[in-house]
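First up is the structure itself, then whatever we jot down about it.
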Amino acid sequence: MCYNKKVITILMHYTHMVKKRTIFTTILEQLSSPDILLLNGPRQVGKTTLLKLLKEYLVNQLHVPETHIHWFDLDRVEDLSIWSNQATVFALLPIKTTERHYIFIDEFQQSKNIGSIVKVLHDHHPQFKIILTGSASWYLNIDESMAGRKRVIPIWPLSFEEFLQWQHPELVSYYSLAKQNSSALTETLCLAVNTAFIEFSTYGGYPAVVESKTAKEKTERLSELINSYLLKDIQHWNYAANTLQVKNVFTLLAHQTGTELSIPTLATNAGLGRTALLNRVELLQQTFMLHVLKPYFTNRTKEIVKQPKVYLVDTGLRNSLAQQFTLQPLTPLFGLVAENTVVSELFKQATITDSIQYWRTKQQQEVDVVIVRSGKPMPIEVKSGIARDIPTNLKHFIRLHAPERAYVLNWSTIRDEEYEGCEILFRPLWFPV
């Protein structure tokens, strides 16, 4: 079943209630599938709002009776208590009905028993379409009861395209033109969007931050987000982890974004042992605060194979932790943050089969990002300044790995080149790859 036309209608109809998220189309397309639908991602990126919009869509567009929609918020003690016991759940639901019903469970990971209960509902009561939201990824790894039964849709902070739609609608046509016809890109068009890209890189894409009016309000919101995360997620998932220690590690990683993760150095700087440090880094990763890029390699003797690179999920969080909100174009700090922005955008754009990595040799030749699609590598170099030539390291990667296409994302150079049979596209930093 295709919902695309209805999606446009409903999103326009409810603009007074919620601004557009492009992922909503994907969610609607999964309504008719038998899979358990899981919207998983960091706290406060809009998962609950998407559930509310979905409920409105079901009621007003598909004319589903409200009595056929069952909503549970497991941050509420009462609802959490219900989902701690299968008998309690079944007593509340119309188990014997043959009509289509929808079960919405917000923050499902709060319940330790929910996996087995949801499995029984899915396997024996197919009249229920189950839609969950979650804020931690490791629950999915340890709970095998939903294996083969779920479709996971990552929900991230706003993409740059969504940010433009929300805050700079006058620039959306430029961005759309760039996506549809890159030959129409001009330096003037590029520079017009670059200003918005700096703003986006400064404060990030959390909806509440984007909608805050002043710089002071935005920085306060970001601080609140970090403190809320430390108080809620850290205390829930790891009682042994001191929140001040976690924040210290988080802050150190914010200063080191885009660099190889050296566990001994980080442990020393954090004043923690190796095991304790790894525990806290894993905690940050599994609660969607970090993107960890593993190295791409085909030759173990010449290429780095183990040491990962780390980026924060949102540059607003990164800048808040580092207390660095003054980004000037063509400076080292802007280069560091812009690379983090690009990596975060790539994760938002990635398909389920994409692998986002980086490449470095033992002779320190490096390519910032390598996307592996269908087994084929596509290297991406991020240059915050004006890229005039093909980077030397990119040439080396092309000679070794023979990719079909490569990107040089930079401040304003727009052109296509060819090197050793590889198409090299020079595009703006914000260009969707």
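Readers should treat all values here as calculations from the given coordinates under stated rules, not as data from a laboratory. Given the structure is predicted, the values throughout are model-derived calculations rather than measurements. When we count neighbours, we look across all protein chains shown, and the Cβ atoms used for this are built from the backbone with ideal geometry, even at glycine.
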Inset, instruction - At 0.36 nm per residue, minus the direct Cα-Cα distance, what do V372 and E420 gain on full extension? Give it in nm, one decimal, please. - result: 15.3 nm
Inset, instruction - Sketch the reach of a paramagnetic label on T392 as a point 7 Å from Cα along Cα-to-Cβ, and name the residues of region 407-433 whose backbone nitrogen lies under 20 Å away. - result: 407-409, 419-420
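Normalise the Cα radius of gyration of region 67-226 by 2.2 N^0.38 Å (N = residues in it) and let me know the number. Write down the numbers at each step before the final one.
Working: Rg = 21.7 Å, N = 160, 2.2 N^0.38 = 15.1 Å.
Rounded to two decimals, the normalised Rg is 1.43.
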Legend entry - ³J(HN,Hα), Karplus 6.51/-1.76/1.60, whole Hz, each residue of region 159-165, x for Gly, Pro: 6, 5, 4, 5, 4, 5, 4
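Can you tell me how much longer the chain between V120 and T195 gets when fully stretched, taken as 0.36 nm per residue apart minus their C-alpha distance, in nm with one decimal? All intermediate terms of the calculation are to be shown ahead of the outcome.
Values: separation 75, 0.36 × 75 = 27.00 nm, distance 5.17 nm.
This chain segment gains 21.8 nm when fully extended.
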Legend entry - Reachable lysines, given that their alpha-carbon falls under 16 Å from the alpha-carbon of K247 and they are not under 8 places away in the same chain: K232
Inset, instruction - Starting from one equal scatterer on each C-alpha and no solvent at all, send me the Debye-based log10 I(q)/I(0) for region 160-428 at q = 0.12 Å⁻¹, two decimals. - result: -0.78
Inset, instruction - List the GluC sites (Glu not before Pro) within region 357-411 that fall in a DSSP loop (any state other than H, G, I, E or B) and whose Cβ has at most 12 other Cβ atoms within 10 Å. - result: E404
Legend entry - In nm, spacing of pseudo-spin labels at D354 and D73 (7 Å Cα→C-beta vector): 3.3 nm
Inset, instruction - Give a residue-ordered list of calculated ³J(HN,Hα) values for region 425-431 (Karplus: 6.51 cos²θ - 1.76 cosθ + 1.60, θ = phi - 60°; whole Hz; x for Gly, Pro). - result: 9, 8, 9, x, 4, 8, 5
Inset, instruction - Obtain the nm distance between the two label points defined at E220 and V59 by a simple spin-label model: each point lies 7 Å from its Cα along the Cα-to-C-beta direction. - result: 3.3 nm
Inset, instruction - Apply 1/(1 + (r/R0)^6) to the Cβ-Cβ distance of E29 and Q86, taking R0 = 41 Å, and write down the FRET efficiency to the nearest 0.05. - result: 0.85
Legend entry - Theoretical ellipticity at 222 nm over the chain - DSSP helices of four or more residues, -39500 (n - 2.57) apiece, nearest 500: -13000 deg cm²/dmol
Inset, instruction - Hand me the trypsin sites (Lys or Arg not before Pro) from region 225-333 located in a DSSP loop with no more than 15 other Cβ atoms within 10 Å, in residue order please. - result: R300, K302, K306
Legend entry - Distance-filtered residues of region 282-317 - backbone nitrogen under 16 Å, label point 7 angstrom along F347 Cα→Cβ: 282-295, 308-317
Inset, instruction - Run through the DSSP bridge list for the chain and note the antiparallel percent, rounded to the nearest 5. - result: 40 percent
